[in-house]
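*Asks:* Structure incoming, see below.
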Amino acid sequence: MVSADTARTVLGVLGNIIALCVFLSPVPTFIQIWKKKAVEQYSPVPYLATLVNCMVWALYGLPMVHPDSLLVLTINGAGTGIEIVYIIIFLIYTERQKRPRVLLVLLIEAIFITVLTVLVLTVARTLKERSMIVGIICIMFNIMMYASPLAIMKLVLATKSVEYMPFFLSLACFANGVIWVAYGLIRFDPFIVVPNGIGTLFGMAQLILYASFYKSTKRQIAERKSKGEVDLSGVTVVGREDSRKVGSALQNGRP
């Protein structure tokens, strides 16, 4: 029979894999941003929320804060690095007037995690106190990470389109919540069970929205493509009729 510790380790490794999928799921989105050289309607909020969440959980996983949490530390350390890369790409391709706001949030997050680390390691004397302080903060920020797509969910309801709510991110968040709830139940850790249980519900809500508006999204995209083809055919007709006049005008430097 498999021991509780072995089952917990297996779930933790599986949780690392699924959480890594969560962190990597926006890659297609950022490839699209890179190709278009624009962020369009994508929001930096989910990535900023995930960044601070990862930093706080990495602190929670430190041996001097919560022992026997190596798997929590490894995945959140990796997540911190991945989210920083996403935010850098976002800053490169977002509108110039929006950059100061994103940079300000980054500065606030950096100051916050630095102050929290110093206070926890110097003021809190016991592991129990450190775990409780950081754990409560982890619950708050983990809920923020899962709830951050609410802005996108609002956009989905307003436009009846899931074009800007990546499906794989929603699916990965749901699976991630389920596996970490199971992990936290084996050696009961309320700081893991509570936020991930709530995250599971948020992930389910996003999947329900995706299923509800998938067809309307396809219809809207098809309508835009159809209008684009009509406009293009109009330009082509004009090009045929006036090709000689246009060519002459360009040679003479006239518009």
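*Asks:* To the nearest 0.05, what FRET efficiency results for Asp5 and Val118 with a Förster distance of 25 Å applied to their C-beta separation?
*Replies:* Once rounded, the FRET efficiency stands at 0.15.
*Asks:* For the stretch 181-232, what is the Kirkwood hydrodynamic radius in Å, using each pair of distinct C-alpha atoms?
*Replies:* 14.0 Å
*Asks:* Decide, for the chain, between rounded, prolate and oblate: order the square roots of the alpha carbon gyration tensor eigenvalues as a ≥ b ≥ c, take rounded if a/c falls under 1.5, and otherwise choose prolate if a/b is larger than b/c, else oblate.
*Replies:* Verdict is prolate for the chain.
*Asks:* Run the accessible area of the chain with a 1.4 Å probe and give the carbon-and-sulfur part as a rounded percent.
*Replies:* In the chain, the share of accessible area belonging to carbon and sulfur is 71 percent.
*Asks:* With a 10 Å radius around each residue's Cβ, average the other Cβ atoms per peptide and rank 11-18, 170-177, 27-34, 217-224, highest first.
*Replies:* Going from most to least packed, we get 170-177, 11-18, 27-34, 217-224.
*Asks:* Please give the FRET efficiency for Ser43 paired with Phe188, using the beta carbon to beta carbon distance and R0 = 41 Å, rounded to the nearest 0.05.
*Replies:* In this case the efficiency is close to 0.70.
*Asks:* Using +1 at the Cβ of each Lys and Arg and -1 at the Cβ of each Asp and Glu in the chain, identify which of Ile152, Leu106, Ala172 lies farthest towards the dipole's positive end.
*Replies:* With unit charges placed on the Cβ atoms, the residue in question is Ile152.
*Asks:* Could you sort the peptides 134-140, 47-53 by per-residue average Cβ neighbour count (10 Å cutoff), highest mean leading?
*Replies:* Highest-to-lowest ranking by the protection proxy: 47-53, 134-140.
*Asks:* Continuing with the same structure: Along the charge dipole of the chain, Cβ charges K/R +1 and D/E -1, which of Trp34, Val194, Pro63 sits furthest on the positive end?
*Replies:* Toward the positive end, the furthest listed residue is Trp34.
*Asks:* Assuming 0.36 nm per residue, please report the length gained on full extension of the stretch Thr159 to Arg224 beyond their Cα-Cα distance.
*Replies:* So the extension gain works out to 22.0 nm.
*Asks:* Might you tell me the accessible area per residue for the chain, computed with a 1.4 Å probe and given in Å²?
*Replies:* It amounts to 57 Å² per residue over the chain.
The values are calculated or read from the model by the stated rules, or taken from the named source; none is laboratory data. All values reported here derive from a predicted model rather than from experimental measurement. In this analysis, Cβ positions are derived from the backbone assuming ideal geometry, glycine residues included, and neighbour counts consider all displayed protein chains. Surface accessibility is based on the protein's heavy atoms, side chains included, excluding ligands, DNA and RNA. Shrake-Rupley method; radii C 1.70, N 1.55, O 1.52, S 1.80 Å.
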